[in-house]
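Here's the structure we're looking at; comments come further down.
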Amino acid sequence: MKVIIAVDQTDNWKQIIEATVKRPWPSDTIFRILTVVEPGDDALDKTKTQGSSADKVVHEARALLFKHLPGCTVYSEVRKGKAADELVTVAANWMVDKIILGTHGRKSNRLIPATVPQQVSQNSCCSVDLVKLTPAKASAGEPSLTQATAQ
Amino acid sequence: MKVLIAVDDSLCSHEAVSVVANRPWAEGTQFKIVHVVEPIAAQYGLVAPEAVNLMIEAEKKLKAYGVKFTTDIGDYLKEIFGEQQVSSVVIGGYIADSIIELASDWHADVIVVGSHGRTGLDKILLGSVAEKIVNRSHCSVEVIKMKIKKNDDTSSKDDGSTALAKQKQAV
């Protein structure tokens, strides 16, 4: 099974990895953690250096996922371009079975363009798992996966 | 973990059930199959008073049919995951609203829904339940899409009725 985990350069990746770990996976699952740096972002040039936020996020996410799903293969990648387009293209080229990405549940209409999760779920050729992101979760009493790992 | 599987009797729903059935879920995972029957009057707008009874009768038949195929799907999943882990329910109401409400009441961790993959005019006219659920759900949503098989003319003509039978044969 081939799975793309799409993360952005915010702390939301932790919630996405937490949700991924809770899902059932065949032992031969190959994960590809992907973050897309959109043109115009300051981080664009920084992706070339080791200290970039995009690089840091995908490596931390990869390490966390590999720790909790040790039998699986985990790759990480930083791409540049339009997030939704890149995700759909990589999914099609790599013939993935599923894309996992976070969503805040924002609505679009004729005036407000579709969000990245909406575009991906509409245009991708594979199944899409949309993890509901909850801003309050990080401050809640329940220990998160990353906190548990740190302990 | 609680998994809510929203189904109708379409091929994409049966594909979603098949995908769920083939995953190595953790022990203790609970599954609820839900089918929603929309009020027929809402679909056809204002109608003659004489037609109301016919619509009520039609709704009853649709619910009875819904109970039949959700029970079939439930039986199929019970064979895999166990009697206690699977339940099914048929409810009346608007599809997306009802599914989101049930997911909230049942404290579902994830809603699994098949997608017809409608685009363009089809989507504008018929809408997308999956999209509405994605936009408004309080929990994670997995949209399962049909795998497109080239040189398989039967897939586009199949109304889904044979899919469950094939799944049962596989079990």
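A short reminder: the numbers here are calculations on the coordinates, not readings from a lab. As the structure is a prediction and not an experimental result, all values here were calculated from the model. Cβ placement follows ideal geometry from the backbone for every residue including glycine, while neighbour counts extend to all protein chains displayed.
Counting other Cβ atoms within 10 Å as a rough exposure proxy, the listed residues A:PHE66, A:PHE31, B:PHE81 run A:PHE66, B:PHE81, A:PHE31 from fewest neighbours to most. Label sites at B:GLU50 and B:GLU27, each approximated as a point 7 angstrom past Cα along Cα to Cβ, lie 6.3 nm apart. The modelled label-to-label distance between A:HIS104 and A:TYR75, using points 7 Å beyond Cα along the C-beta direction, is 3.1 nm.
How much FRET efficiency would the formula 1/(1 + (r/R0)^6) give for A:LYS67 and B:TYR94, where r is the Cβ-Cβ distance and R0 is 41 Å, rounded to 0.05?
Working: r = 43 Å, r/R0 = 1.05.
Efficiency for this residue pair is about 0.45.
What does the structure give for A:22-31 when I average, per residue, the other chain Cβ atoms found within 10 Å of the residue Cβ?
Rounded to a whole number, the mean comes out at 3.
Of A:ARG32, A:ARG79, the sequence from fewest to most neighbouring Cβ atoms within 10 angstrom is A:ARG79, A:ARG32. Per-residue Cβ neighbour counts within 10 Å put A:LEU87, A:LEU130, A:LEU64 in the sequence A:LEU64, A:LEU87, A:LEU130, beginning with the fewest.
Other protein chain C-beta atoms within 10 Å of residue C-beta, averaged over A:122-134: 6.
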